[in-house]
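Report on the following structure.
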């Protein structure tokens, strides 16, 4: 029963995200914003969010500020490609830049969380942060390599959208208990590595079928 419930939950927030994205796209079209501007703004906001999280010792509100900046930056990273396609101005370099920049923002945020855990002497949480960032990068790399071979590699439960949700939820709840961030890193690492395995097996299945 767990899988159907998970699938329904994922479909629900995916549909809602698409609805909000459609509204945002209409506003962006009117504002004449360029895809490159969205890409740069997105990564800048994610980095700014990671800096805010690093200063959490000044007050728990910095966790929430970091979460807001990270979410907005991640949404912009998602919308830049959609905007380029809708205007018919997409390019191979633009797609390359977009996917590369996505890793930068996420890496900075997980790195900032790792530094916070180190400050609080939660070294096992730091180890989980290392595992999370490695797994997150491999999820994207596995998809890129699969698509380079002309195959699909977008399966799995821990795609970028899910990772953004996990990280943001962890930041919002972080002021409630000191174990929230380590648990967030554990969930992120687990889902990422499971997704890596799922994508490897899926590519293997496609190659065998071919």
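At a Förster radius of 30 Å, what calculated FRET efficiency corresponds to the Cβ-Cβ distance of residue 207 and residue 95, to the nearest 0.05?
Using R0 = 30 Å, I get an efficiency of 0.80.
On each of the three principal axes of the Cα atoms of segment 136-210, give max minus min coordinate, whole Å, ordered largest first.
51, 15, 14
Determine the distance separating the Cα centre of segment 111-163 from the Cα centre of segment 181-210; give it in Å without decimals.
10
If we count other beta carbons within 10 Å of each Cβ, what is the order of 78, 40, fewest first?
Final ranking by Cβ density, sparse to dense: 40, 78.
Figure the gain on full extension for residue 173 and residue 147 (residue separation times 0.36 nm, minus the Cα-Cα span) and round it to one decimal in nm.
Between residue 173 and residue 147, full extension yields 5.7 nm more.
Ranked by Cβ crowding within 10 angstrom, fewest neighbours first, how are 60, 193 ordered? Don't skip to the end; give the middle numbers.
Working: 60 11, 193 18.
Taking fewest neighbouring Cβ atoms as first place, the list is 60, 193.
Would segment 87-150 count as rounded, prolate or oblate if I go by the C-alpha gyration tensor, calling it rounded below 1.5 in a/c and otherwise prolate when a/b exceeds b/c, oblate otherwise? It would help to have the intermediate numbers written out before the result.
Working: a/c = 6.11, a/b = 2.19, b/c = 2.79.
In terms of gyration-tensor shape, oblate.
List 98, 154, 36, 121 from most exposed to least, where exposure is judged by having the fewest other Cβ atoms within 10 Å.
Exposure proxy ranking, most exposed first: 121, 154, 36, 98.
All of the numbers you see were taken from the coordinates with simple rules; none came from a lab. Keep in mind that what you see is a predicted model, and the values were worked out from it rather than measured. Glycine gets a Cβ as well: all are built from the backbone with ideal geometry, and neighbour counts include every protein chain shown.
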